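The values are calculated or read from the model by the stated rules, or taken from the named source; none is laboratory data. Note that the coordinates shown come from a computational prediction; the quantities given were computed from them, not determined experimentally. For neighbour counting, all protein chains shown are included, and Cβ atoms are generated from backbone atoms with ideal geometry for every residue, glycine included. The accessibility values were calculated without ligands, DNA or RNA, using every heavy atom of the protein model including side chains. Shrake-Rupley method; radii C 1.70, N 1.55, O 1.52, S 1.80 Å.
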Amino acid sequence: MTDKATLRRQLRRRRMAVPAAERERAERLVSARLRPLLRRGMRLAAYVALGSELSLAPLISLAQARGVAVYLPVVPRRGRRMRFAALADPQGVWRRNRYGIREYHARKLISARALDMVLLPLVGFDAQGGRLGQGGGYYDTTFAFRAHRQQWKKPRLWGVGFECQRVAAIPREPHDAPLDGVVSEAALYRA
């Protein structure tokens with residue numbers, strides 16, 4: 001089995017090779033596939049695409065138009081447990097975090113436990129809910145509390161990526177937060 005670092009390099013190359021027209025098509029298809037899951041009043045955490053990640057801009061616009069409260073992750077100064085800023089906060093500002101990534105900051109941040117659904121960026125995925133992220137462990141740490149729940153697994157975690165990022169199996173470790181599903185331009189996979 002390929003180690004995670006090698007797999008990340010291979011899958012990042014695949015993701016970067018997706019042509020612009022195909023990217024735009026994938027963004028629209030992902031938005032359409034997730035549309036039935038969007039409910040008025042729900043709290044949805046999304047992300048702002050970095051580099052070659054699949055952009056959620058069309059989905060964020062759709063969600064807000066449907067009355068969904070959209071939140072974006074905020075990386076803490078210390079530790080790995082993220083909190084989430086409401087995108088609709090008129091007092092919010094964009095800042096660079098400690099990694100130089102633009103983040104939206106609002107006056108009030110909410111915890112991961114307050115969310116209904118989270119859309120996670122990924123480097124790779126499998127159809128069984130395995131996710132290969134950037135390797136920092138932020139999402140795994142933030143949603144580790146779900147592993148201690150026997151039945152109720154809110155918030156639901158959905159990975160988002162291009163179909164070219166799918167592999168037969170992602171190597172898993174005990175600390176990896178499993179996904180409830182993954183959505184790509186080709187399908188919606190429920191784990």
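General remarks:
- Of everything listed in (1) at pLDDT 95 or above; (2) open to solvent by less than 10 Å² (accessible area, probe 1.4 Å); (3) not acidic (Asp, Glu), the single unmet condition for Arg83 is (2).
- In region 100-113, the residues that are aromatic (Phe, Trp, Tyr) form Cβ pairs under 8 Å with partners that are surrounded by 12 or more Cβ atoms within 10 Å (Cβ to Cβ), at six or more places apart or across chains, as follows: Tyr104/Val48; Tyr104/Leu72; Tyr104/Val74; Tyr104/Ala85; Tyr104/Leu87; Tyr104/Gly92.
- Within region 35-59, the residues that satisfy the criterion of being open to solvent by 50 Å² or more (accessible area, probe 1.4 Å) and of a type in the set (Gly, Ala, Ser) are Gly41, Gly51, Ala57.
- Of the numbered criteria (1) in contact (Cβ under 8 Å) with a residue 40 or more places away in the chain; (2) open to solvent by less than 40 Å² (accessible area, probe 1.4 Å); (3) farther than 16 Å from Trp158 by Cα, the one Asp3 fails is (2).
- Candidate set from region 120-174 (those that are free of Cβ contacts under 8 Å to residues at least 60 places away in the same chain and of a type in the set (Gly, Ala, Ser)); member that is most open to solvent (accessible area, probe 1.4 Å): Ala168
- Of residues in region 175-191 being out of contact with any Gly (no Cβ under 7 Å at 6 or more places or on another chain) and hydrophobic (A, V, I, L, M, F, W, C), the one most open to solvent (accessible area, probe 1.4 Å): Ala186
- Residue within region 88-96 that is open to solvent by 20 Å² or more (accessible area, probe 1.4 Å), under 26 Å from Phe162 (Cβ atoms) and touching a residue at least 12 places away in the same chain (Cβ under 8 Å) present: no
- Filter pass, Arg78 being under 18 Å from the mean Cα position of the chain (by Cα), surrounded by fewer than 17 Cβ atoms within 10 Å (Cβ to Cβ) and of a type outside the set (Gly, Ala, Ser): no
- Conditions (1) within 12 Å of the chain's Cα centre (by Cα); (2) in a loop (DSSP other than H, G, I, E, B); number of the one not met by Val118: (2)
- Some residue of region 163-183 being assigned to a loop (DSSP other than H, G, I, E, B), among the acidic types (Asp, Glu) and farther than 30 Å from Ala21 by Cα: yes
- Considering each residue of region 127-139 in turn, at least one proves to be modelled with pLDDT under 95 and hydrophobic (A, V, I, L, M, F, W, C).
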